[in-house]
Amino acid sequence: MRHAVILASVVAVAVVIALLMITRSAHAPGEKRTPVPAEAPPARIVCLSPGITETVFALGLGDRVVGVTSHTFFPPEAARIAQVGDWLATNCEAVVALRPDLVLVSSMEASVAEQFKTLGLHYLVVKQDSVGDILNSITELGSVCGVPEAAQTLIASINERLQRIEKTLEGRSRPRVLVCAGRDYTSSKLDQVYIAGRDSFYSELVRMGGGENAFQNGGFPFPTVSGEGIMQLNPEVILEIVPEREQQGLDRATLLNAWKALPDVAAVKNGRVYLLDGDYISIPGPRVAEALEAIARALHPEAGL
């Protein structure tokens, strides 16, 4: 029974990680939103995704945030703010109780905006599914919240780091990369591994970081593959993303050791399996340059990033 509970929890986390990084939202960027009153910037803001929360804080507006979702760990002070439900499972009653001037809704949960409309709350659907979306969201939030200059400064800083990384990697060979975004960490077998597909945010970062996704199929951004499937893909580099490793009590060495079950895979054979466990690695937001840098360092250690 205990094993079943742990397994269910692990699979749930894997699905959440996958959902966090889907880059093909079913909702158009500008739909289902109501205008924010122009007479005054919002003073009480509820953020319904970790990435939105980080963006608002990065714009210097952390003192206006009165509600966040679970899985919000950065910046540290954000973790102490009242939570209004799980990520992708908002408690609308808790949101209303906070009397927000503005609710910032992820495009992945845009359907909940209909409830806020019925309740008479002002909201904005924010799309952060790609690097371009992240930069656009900073401009949008800066405008809505009355800090357009801070938004442009933040964008310039992020762009400078992204461009520096890409310039450093120009002309280098591109290894074939498999990104593992979740699996059953209680099992010694690699029989159900969530990997980043062609249409995922991770795939975009791999390209920007000097690699090519080993899995080029379209459709669902995070399909599951077996160990046999990984052997067929035969990636030259494996990146395992475990952003909540410490919270789950997972041992780094044990996680890496599991890949030895596939000794004939090029990445395993050549010691090119890397564990990326910074929380920023799974959250599309203003720390996207840190995520790209971590991936680029793994793919091109010789570049000195």
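Brief remarks follow.
- Mean residue ellipticity, 222 nm, helices only, the chain: the sum of -39500 (n - 2.57) across DSSP H runs of n ≥ 4, divided by residue count and rounded to 500, is -11000 deg cm²/dmol.
- Annotation: lysines with alpha-carbon distance below 24 angstrom to residue 260 (same-chain offsets under eight excluded): 189, 269.
- Neighbour counts of other Cβ atoms within 10 Å put 86, 184 in the fewest-to-most order 86, 184.
- Shape call, region 172-303: gyration tensor on alpha carbons, a/c limit 1.5: rounded
- Extension gain (nm, one decimal) between residue 188 and residue 302, 0.36 nm per residue minus Cα-Cα: 37.8 nm
- Tilt relative to the chain, helix 131-144 - C-alpha long axis, 0 to 90 degrees, to 10: 10
- Normalised by 2.2 N^0.38 Å, with N the number of residues, the alpha-carbon radius of gyration of region 250-305 equals 1.29.
- Taken over the chain, the convex hull of the Cα atoms encloses 132 Å³ per residue.
- Expressed to the nearest 5 percent, the antiparallel share of DSSP beta bridges inside the chain is 30 percent.
- Packing-based exposure ordering (other Cβ within 10 Å, fewest first) of 129, 279: 279, 129
- Relative contact order for region 27-167: 26 percent, from Cα pairs under 8 Å spaced at least 6 residues apart, divided by residue count.
- Size of electric dipole in the chain: Cβ of Lys, Arg +1 and of Asp, Glu -1, about Cα centre, debye, nearest 20: 360
- Gain upon complete extension [residue 224, residue 264; 0.36 nm per residue less C-alpha separation]: 12.4 nm
- Relative exposure of 277, 251, judged by other C-beta atoms within 10 Å (fewest first): 251, 277
- Principal semi-axes of the equivalent ellipsoid, √(5λ) from the alpha carbon gyration tensor of region 27-167, are 24, 16, 15 Å from largest down.
- Cut-off 14 Å between beta-carbons: net charge of the residues surrounding residue 60, Lys and Arg +1, Asp and Glu -1: -3
- Global geometry of region 213-265, whether rounded, prolate or oblate, following the gyration tensor of its Cα atoms and the 1.5 cut on a/c: oblate
- The chain, relative contact order [Cα under 8 Å, separation at least 6], %: 19
- Near the amide H of residue 265, within less than 5 Å, lie no amide hydrogens of residues on another chain or at least 5 residues away, with H placed in the peptide plane.
Only the coordinates and a few stated rules stand behind these numbers; no lab work does. Worth saying up front: this structure is predicted, and the values here are computed from it rather than measured. Cβ sites come from the backbone with ideal geometry, for glycine too, and all protein chains shown count toward neighbours.
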